[in-house]
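Colleague: I am attaching a structure below and will ask some questions about it afterwards.
The values are calculated or read from the model by the stated rules, or taken from the named source; none is laboratory data. Everything quoted here is computed from the prediction, not taken from an experiment. Cβ coordinates were reconstructed from backbone atoms using ideal geometry, including for glycine residues, and neighbour counts include every protein chain displayed. Accessible surface areas use protein heavy atoms only, side chains included; no ligands, DNA or RNA. Shrake-Rupley method; radii C 1.70, N 1.55, O 1.52, S 1.80 Å.
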Amino acid sequence: MRHLANKGSTTPWLVAKLAVLAIAMFGFGYLLVPLYEKFCEITGIDGRTAGQATGVEYLTDQVDESRWVTVHFDATVNSGLPWQFEPVERMMQVRPGKLYETTYIAFNRADRPIVGQAVPSVAPGRASLFFNKTECFCFTEQLLGARESREMPVRFVVDPNLPERVELVTLSYILYQNEQATAVLAATD
Amino acid sequence: MSEATTHHDDHHDHPKGLWRWVVTTNHKDIGTLYLLFSLVMFLIGGAMALVIRAELFAPGLQLVNPDFFNQMTTMHALVMIFGAVMPAFVGLANWMVPLMIGAPDMALPRMNNWSFWILPFAFTILLSTLFMPTGAPASGWTLYPPLSLQGGNSFAFVIFAIHLMGISSIMGAINIVATILNMRAPGMTLLRMPLFIWTWLITAFLLIAVMPVLAGAVTMLLTDRFFGTSFFNAAGGGDPVLYQHIFWFFGHPEVYIMILPAFGIVSEIIPTFSRKRLFGYTSMVYATASIAFLSFIVWAHHMFTVGMPLGAMLFFMYATMVIAVPTGVKIFNWIATMWRGSMTFETPMLFALGFVVMFTIGGLSGVMLAIVPADFQYHDSYFVVAHFHYVLVTGSVFAIMAGVYYWLPKWTGHMYDERLGKIHFWWSTVWVNVLFFPQHYLGLAGMPRRIPDYAVQFTEFNMISSIGGFMFGFGQLLFCYIIWKCARGGEPASARVWEGSRGLEWTVPSPAPHHTFDTPPVVDDSVAVHKDELT
Amino acid sequence: MKRTNELIVGLAVMAVIIVITWGLFAVGENMPRGVTPFSQDVYQLHNTVLGIVTVIGVLVFTAMFTSIYLHRKSRGHEAAKFTHSTKAEIVWTAIPILILVVMAVPATRVLIDMEQTGGAEMNIKVTGYQWLWKYDYIEDGVSFYSALERQSNAARQIGSGINPREVENYLLEVDRRLVVPVNTRIRFLLTADDVIHSWWVPELGWKRDAIPGMVNEAWTYIMEEGVYRGQCAELCGKDHGFMPIVVEAVSREAYDAWVAEQRGEMAAAAHDSARLWTREELMDHGANIYQAQCAACHQADGSGLEPAFPALAGNDITTGTLEDYLKLVLDGRDGTAMAGFRDRLRPQDIAAALTYTRNAWGNETGDTVQPSAVAEFDQG
């Protein structure tokens, strides 16, 4: 008498299928990385969607004159980067739908060239979907020579569809040292 | 049975001595190895817990420095989860799955041997990091970056060890699925399978689905730490929160990996000692499957405080609360099984009843944790520590102990010492509550978890908890003694062992011979734990 | 028979213990009610849910122990044969769903209330560092670091010989408190410099993670003056247990006075960074700064914790050229736990700490470092 066999599936075949499932799930772990990014982009889950500048001029024909939104500009320098970094204006009253420009200033206090990189973030996270930057310095490498300072512009439009209850939006840049690029720089000197 | 007429190659030249255990492909031997390994890990992890509780006995740092304390909390969790609880369930599966479905062995005996023998290597590597210059991992078992990435080179060993454990678990799970699906005796239809088999089948699928995700997550940590990738490094455009999502996508099903087989064990024991078939067998199967399914869509309840959109928080809150429904069904079914039964209270039943009560407490505090606004207070406090120790220690570990007492006579051929078993139960139950119940208060009063020292107003409850910890911990030496004593001798056990027991494992003699069911049994309603004809 | 009786007694005792402890749970050590509208909502919600689950627990255990009492073999009870009851199963699926809905409704309401943001009267940025907090008052321009207060820090060292019970607010006091006005809508922005931290003051009713690379938002409105204490709630390394939070809520007038005072201090500090200091002043101030900022890693006696935290006593860099040492302290060292202190400390603090470490524990360089030299070095 034989043991009951699973109809249509011998043991080696079943094992192969399960092994493929395991390998696929390993891949799925990696797939979660782009999925998460996409998910953030759609939902604004971590407030970082306003990452890249769209590069496209936002249509400014529908300025919402009925309300003001306060935009707060925030700057943080990571302790591993000997720079000073500040927004020129701390707060700005803006009309949704209208294009504005502001400036951040960065200063390299060290006596050697350093590459920095800014990571943007918007709080509250849900506002990031409605915060459109047409020009910004996010994620691009910024090279500052020894004791050099630079003005870095940001042009943005707050989407008129921003939920009514959001009155205050913080645009934050956190500046990190790009250690690899800085090291390359030091090596080529 | 027709033992004599069947021939197996490995029948005649059994290697003797220790070597036998290295090369064995016999499911019973491997089950024993797993169970002994898990007991050793339980004691090692327990020793680490005692270091933690000793340091927390009084405010101020007395024994260990904070970094070593963090290594202890991290290693305690890794050892208990991957070294004690999971291998114990795999060991029980190895022993009992073939016996309960009438199979001669596991479907893939050689792979079974590898699955086990990877583990001692994995844990030697993991534990050896304690002696490395940069120390063992100290970032919590969740290994959240960027903190975990600050670890020294020993971190690479930790990740390698986790990979090995993952491979071991996946191979073990594949083996169990193949055995259950392809090796059942004639007449053992899916809906006649004992619930332990059902819960393990579902658990095995969970393992195959999520252990690779953990492997992926820690591989990303590895490349971030040593090879310059930026999956989780904010400076390089990565996101530390992403790790938490991937980790808990593994982590929440992992929680159920550690509790579903416990449900299975308890569902075997309660009917036996109630002398009544399991109530609501079919709904038990469906409840198990729904819990497994839901476990994939609730992961973010571990991270409500990272700042999520309202919609996401509501979704994860509702989904988490829904889990209470199938879990409740299980608890009600167990009570209905006892209802109007003819109960006796041998040690396995005591542990099973202790499980039902204290797992329910852990489950109810779980419902509280699901409530997002309240979780903003509970999160990462000792309330959470109390919650998951109720479900893992008085849940999983009690169920494992119940299972060990229940099947020990079948394994050894002797009855264990019933009096000592009862003492072990009462001792453990009293002290485990002294250990963990006050931790609820500590959490509510504002004590965060994973701190080596605390403000003086937390002193009394910490002292009580530490006393409970030491008493519970040392009480487990009695458990070791009972097992040792039972293996050495004792009143001979009959084949059926328990008056109310049902199922194929009780049709073979005690101790179960090295080879069983070489000729498949025929399963009908008289031996099946569940009668198929019910509608 | 005797044994079974014992068993029943045992189980009954256990049930009683559980019920009593649950009762205590509800009325004894409980979640603080807190001093914000949100914390009080959460407290209500917590009590409601705790009440509901306690009742469920009691009912479930009552059913179970009733069965254990009545349906025992030792009482001669014969086992019944039933194995399912569709009616009962539907009931105990449906009722829990209803109970969950009852809990979900207030939970959802409180959560949505919490998300009702707007009307910020004040913004405070909180940055987590290993292992202290930095607070920036956006509108008022005040900014400072807040670390574990010295006495606690001394007492918490292994073998300190100081009894923690004799330290006031042991581990829950900081060198500089976060002073805020009451009855003011305050918006917190949270981020972190190195690893994830979590900012938790139970009396405010929430904790929120401070995550490197992103800014989180949280709100509060404190209704009562008082001092509210909390701690970092996310494991952030060695001294996770030693970075408390102290919020001091004061009247609007007191707050305004405090801000003026802070500004005065900042002006004085600017003066201090320019003037010349005596060696004694530098050593005194340096000892304070060292204990607050450096001793966690390098230890109070400069002996360090090898291999991660080098000893400063007899250290080549510490006693080497001032330039190298200053550079290391200002910029930190990549790939180690040594952070740059350029922004964390004022020139006079750094000068004093350097003077102290170059002259303590057998380090005898004999030199003094003036604040102006630090400022000058920094400006090139």
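Colleague: Would you point out which residue out of B:F388, B:F355, B:F351, B:F376 is within 19 Å of C:Y43 (Cβ to Cβ) and assigned to a helix (DSSP H, G or I)?
Modeller: B:F376
Colleague: Could you tell me which numbered condition C:P244 fails, if it satisfies all but one of (1) over 30 Å from B:F68 (Cβ atoms); (2) buried (at least 22 other Cβ atoms within 10 Å of the Cβ)?
Modeller: Among (1) over 30 Å from B:F68 (Cβ atoms); (2) buried (at least 22 other Cβ atoms within 10 Å of the Cβ), C:P244 violates only (1).
Colleague: Name the residue, out of C:L172, C:L190, C:L100, that is in contact with a Pro (Cβ under 8 Å, 6 or more places away or on another chain) and either under 30 Å from B:M368 (Cα atoms) or among the polar types (S, T, N, Q) (or both).
Modeller: Details: C:L190 fails: in contact with a Pro (Cβ under 8 Å, 6 or more places away or on another chain); C:L100 fails: in contact with a Pro (Cβ under 8 Å, 6 or more places away or on another chain).
Every option except C:L172 fails the conditions.
Colleague: Do we have B:G237 as among the small types (G, A, S) and on the phi > 0 side of the Ramachandran plot here? Show your work before the answer.
Modeller: Values: among the small types (G, A, S): yes; on the phi > 0 side of the Ramachandran plot: yes.
Against the criterion (among the small types (G, A, S) and on the phi > 0 side of the Ramachandran plot), B:G237 qualifies.
Colleague: Show me the strands (runs of 3 or more DSSP E) found entirely inside the stretch A:97-189 where at least 3 residues are over 18 Å from A:V63 (Cα atoms) and of a type outside the set (G, A, S).
Modeller: A:99-108, A:114-123, A:141-144, A:149-158, A:168-177
Colleague: Show the residue pairs that are 6+ apart or on different chains and have beta-carbon atoms under 6 Å apart, the first residue being within the stretch A:84-108 and in the same structural domain as A:F137 (by TED's automatic domain parsing), the second being open to solvent by 50 Å² or more (accessible area, probe 1.4 Å) and of a type in the set (A, V, I, L, M, F, W, C).
Modeller: Correct list of pairs: A:Q84/A:F107; A:E86/A:I105; A:Q93/A:W68; A:T103/A:V88.
Colleague: Additional query: Give the residue, chosen from B:I118, B:I81, B:I174, that is buried (at least 24 other Cβ atoms within 10 Å of the Cβ) and within 19 Å of the chain's Cα centre (by Cα). Even if it seems obvious, please write down each step before you answer.
Modeller: Numbers: B:I118 fails: buried (at least 24 other Cβ atoms within 10 Å of the Cβ); B:I81 fails: buried (at least 24 other Cβ atoms within 10 Å of the Cβ).
Of the residues listed, the single one that is buried (at least 24 other Cβ atoms within 10 Å of the Cβ) and within 19 Å of the chain's Cα centre (by Cα) is B:I174.
Colleague: Identify the single condition in (1) surrounded by fewer than 24 Cβ atoms within 10 Å (Cβ to Cβ); (2) more than 14 Å from chain C (Cβ to nearest Cβ); (3) among the hydroxyl-bearing types (S, T, Y); (4) touching a residue at least 40 places away in the same chain (Cβ under 8 Å) that B:Y286 does not satisfy, given that it satisfies every other one.
Modeller: If we test B:Y286 against (1) surrounded by fewer than 24 Cβ atoms within 10 Å (Cβ to Cβ); (2) more than 14 Å from chain C (Cβ to nearest Cβ); (3) among the hydroxyl-bearing types (S, T, Y); (4) touching a residue at least 40 places away in the same chain (Cβ under 8 Å), just (2) comes out false.
Colleague: Determine, yes or no, whether A:S79 is at pLDDT below 85, more than 14 Å from the chain's Cα centre (by Cα), within 29 Å of B:M308 (Cα to Cα) and crowded, with 16+ Cβ neighbours inside 10 Å. Quick ask: steps written out before the conclusion?
Modeller: On the way: at pLDDT below 85: yes; more than 14 Å from the chain's Cα centre (by Cα): yes; within 29 Å of B:M308 (Cα to Cα): yes; crowded, with 16+ Cβ neighbours inside 10 Å: yes.
Against the criterion (at pLDDT below 85, more than 14 Å from the chain's Cα centre (by Cα), within 29 Å of B:M308 (Cα to Cα) and crowded, with 16+ Cβ neighbours inside 10 Å), A:S79 qualifies.
Colleague: Yes or no: the stretch B:335-346 includes at least one residue that is more than 9 Å from chain C (Cβ to nearest Cβ), farther than 28 Å from C:Q231 by Cβ and open to solvent by 10 Å² or more (accessible area, probe 1.4 Å).
Modeller: Yes - at least one qualifying residue is present in the stretch B:335-346.
Colleague: Which members of the stretch B:199-230 meet the condition of being of a type outside the set (G, A, S), within 9 Å of chain A (Cβ to nearest Cβ), closer than 12 Å to A:Y30 by Cβ and without any contact (Cβ under 8 Å) to a residue 60 or more places away in the chain?
Modeller: B:P212, B:V213, B:M220
Colleague: Can you name the number of the only condition in (1) over 21 Å from A:S128 (Cβ atoms); (2) out of contact with any Cys (no Cβ under 6 Å at 6 or more places or on another chain); (3) open to solvent by less than 10 Å² (accessible area, probe 1.4 Å) that C:H197 fails?
Modeller: Every condition holds for C:H197 apart from (2).
Colleague: Additional query: So which of C:T117, C:T108 ends up being within 8 Å of chain B (Cβ to nearest Cβ) and either among the polar types (S, T, N, Q) or surrounded by 20 or more Cβ atoms within 10 Å (Cβ to Cβ) (or both)? Step through it out loud before you land on a result.
Modeller: Working: C:T117 fails: within 8 Å of chain B (Cβ to nearest Cβ).
Testing whether each residue is within 8 Å of chain B (Cβ to nearest Cβ) and either among the polar types (S, T, N, Q) or surrounded by 20 or more Cβ atoms within 10 Å (Cβ to Cβ) (or both) leaves just C:T108.
Colleague: In the stretch B:374-407, what count of residues is obtained for those that are open to solvent by less than 10 Å² (accessible area, probe 1.4 Å) and touching a strand residue (DSSP E or B) at 6+ places or on another chain (Cβ under 8 Å)?
Modeller: Of the residues in that region, 3 qualify.
Colleague: Would you check which residues across the stretch B:1-40 are surrounded by 12 or more Cβ atoms within 10 Å (Cβ to Cβ), among the hydrophobic types (A, V, I, L, M, F, W, C) and modelled with pLDDT under 85 and list them?
Modeller: B:M1
Colleague: Quick check: is even one residue across the stretch C:317-332 over 14 Å from C:E280 (Cα atoms), open to solvent by 30 Å² or more (accessible area, probe 1.4 Å), over 30 Å from the mean Cα position of the chain (by Cα) and of a type in the set (A, V, I, L, M)?
Modeller: Looking for residues that are over 14 Å from C:E280 (Cα atoms), open to solvent by 30 Å² or more (accessible area, probe 1.4 Å), over 30 Å from the mean Cα position of the chain (by Cα) and of a type in the set (A, V, I, L, M), one finds at least one in the stretch C:317-332, hence yes.
Colleague: Collect the residues in the stretch A:43-75 that are more than 15 Å from A:T170 (Cβ to Cβ), among the aliphatic types (A, V, I, L, M) and either in contact with a helix residue (DSSP H, G or I) (Cβ under 8 Å, 6 or more places away or on another chain) or modelled with pLDDT under 55 (or both), keeping them in residue-number order.
Modeller: A:I45, A:A53, A:V56, listed by residue number.
Colleague: Additional query: Assuming B:G446 fulfils every condition listed in (1) small (G, A, S); (2) over 19 Å from C:P32 (Cβ atoms); (3) crowded, with 20+ Cβ neighbours inside 10 Å apart from one, which condition is it?
Modeller: So B:G446 meets the others, but not (2).
Colleague: Then there is this: Among the residues of the stretch A:104-116, which ones are touching an Asp or Glu at 6+ places or on another chain (Cβ under 9 Å) and either under 16 Å from A:T140 (Cα atoms) or not polar (S, T, N, Q) (or both)?
Modeller: So in the stretch A:104-116, the residues touching an Asp or Glu at 6+ places or on another chain (Cβ under 9 Å) come out as A:104-110, A:112-113, A:115-116.
The answer is A:Y104, A:I105, A:A106, A:F107, A:R109, A:A110, A:R112, A:P113, A:V115, A:G116.
Colleague: Sort out which residues of the stretch B:177-208 are of a type outside the set (A, V, I, L, M) and open to solvent by 10 Å² or more (accessible area, probe 1.4 Å), and write them in order of number.
Modeller: Correct list: B:N182, B:R184, B:P186, B:G187, B:T189, B:R192, B:W198, B:F205.
Colleague: Tell me whether the stretch C:150-168 contains one or more residues that are at the interface with chain B (Cβ under 7 Å from one of its Cβ atoms), free of Cβ contacts under 8 Å to residues at least 40 places away in the same chain and surrounded by 23 or more Cβ atoms within 10 Å (Cβ to Cβ).
Modeller: no
Colleague: Moving on to the next point. Taking B:F155 as the residue in question, decide whether it is over 26 Å from B:T282 (Cβ atoms) and either open to solvent by 20 Å² or more (accessible area, probe 1.4 Å) or within 12 Å of another protein chain (Cβ to nearest Cβ) (or both).
Modeller: It is false that B:F155 is over 26 Å from B:T282 (Cβ atoms) and either open to solvent by 20 Å² or more (accessible area, probe 1.4 Å) or within 12 Å of another protein chain (Cβ to nearest Cβ) (or both).
Colleague: Which residue, of B:S342, B:S267, is modelled with pLDDT of 95 or more and among the polar types (S, T, N, Q)?
Modeller: Result: B:S267 is the single residue among B:S342, B:S267 that is modelled with pLDDT of 95 or more and among the polar types (S, T, N, Q).
Colleague: Within the stretch B:238-288, work out how many residues are outside any helix (DSSP H, G or I) and among the charged types (D, E, K, R).
Modeller: Result for the stretch B:238-288: 4.
Colleague: Being over 20 Å from B:V85 (Cα atoms) and either more than 22 Å from the chain's Cα centre (by Cα) or open to solvent by 20 Å² or more (accessible area, probe 1.4 Å) (or both) narrows it down to one residue among B:F458, B:F474; which is it?
Modeller: B:F458
Colleague: Among the candidates A:A146, A:A123, which residue alone is of a type in the set (A, V, I, L, M), open to solvent by less than 10 Å² (accessible area, probe 1.4 Å) and touching an Asp or Glu at 6+ places or on another chain (Cβ under 7 Å)?
Modeller: A:A123
Colleague: For the subset of the stretch C:121-136 comprising residues that are surrounded by fewer than 19 Cβ atoms within 10 Å (Cβ to Cβ) and in contact (Cβ under 8 Å) with a residue 40 or more places away in the chain, which member is nearest to C:I196 (Cα to Cα)?
Modeller: The selected residue is C:M122.
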